[in-house]
Amino acid sequence: MEYSVIAATAGLAGSLLGGMSTFAASWLTTRAQHRTQTTVQQAAHRERLYADFIGEASRHLVRAWGHQLNRPQGLAGLYSLVERMRLTSSDAVIGAAESVIADIISAYSAPNRSYEELQRRVLAGDVDTPLTRFSRECRAELKQLTPAHVAR
């Protein structure tokens with residue numbers, strides 16, 4: 001065999017191998033970036049959903065302190081948010097959200113309380129917040145979902 005054919009073949013094989021490795025590295029990098037971006041977007045979506053639920057539940061808890069619930073339609077927003085959570089959230093988060101709704105219904109069923117009673121309990125540190133467990137579950141889920149190398 002001629003040395004020029006061997007040299008040409010080796011050069012061609014080296015170029016082909018170098019091109020393939022560059023393509024593979026580029027493809028893997030793009031794939032990892034896409035996966036990270038999708039995960040961050042999912043986490044941001046859930047975070048907005050959880051914040052909406054916390055806001056709605058907080059309004060109901062404050063309202064329940066001094067009022068009775070006249071119509072069950074008033075809780076439709078909360079149920080809607082929980083059903084949206086069922087599409088993506090863990091069972092722990094959904095269980096905590098259902099517990100919050102049960103606590104809200106109980107609060108609406110309880111006798112009306114005064115602002116002074118609320119103030120006394122807050123100052124004494126005796127305020128039980130049903131949203132605490134929900135917030136903890138959400139934080140744990142978001143922490144697990146978001147890659148550690150992504151700055152938040």
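The values are calculated or read from the model by the stated rules, or taken from the named source; none is laboratory data. Here the structure is a predicted model, which means the values were calculated and not measured. No Cβ is skipped: glycine too gets one built from the backbone with ideal geometry, and neighbour counts run over all protein chains shown.
Observations, loosely collected:
- For the residues ALA92, ALA51, the requirement of being of a type in the set (A, V, I, L, M, F, W, C), part of a helix (DSSP H, G or I), touching a residue at least 12 places away in the same chain (Cβ under 8 Å) and closer than 29 Å to CYS138 by Cβ singles out ALA92.
- Among the candidates GLN33, GLN37, GLN42, residue that is part of a helix (DSSP H, G or I), among the polar types (S, T, N, Q) and in contact (Cβ under 8 Å) with a residue 60 or more places away in the chain: GLN42
- Boolean, ALA76 is surrounded by fewer than 13 Cβ atoms within 10 Å (Cβ to Cβ) and at pLDDT below 80: no
- All positions within region 42-61 that are among the acidic types (Asp, Glu) and under 16 Å from the mean Cα position of the chain (by Cα): GLU47, ASP52
- Boolean, THR129 is buried (at least 16 other Cβ atoms within 10 Å of the Cβ), modelled with pLDDT under 85 and of a type in the set (Val, Ile, Thr): no
- Residues satisfying the stated conditions in region 54-89, i.e. over 23 Å from PRO111 (Cα atoms) and not in a helix (DSSP H, G or I): LEU87, THR88, SER89
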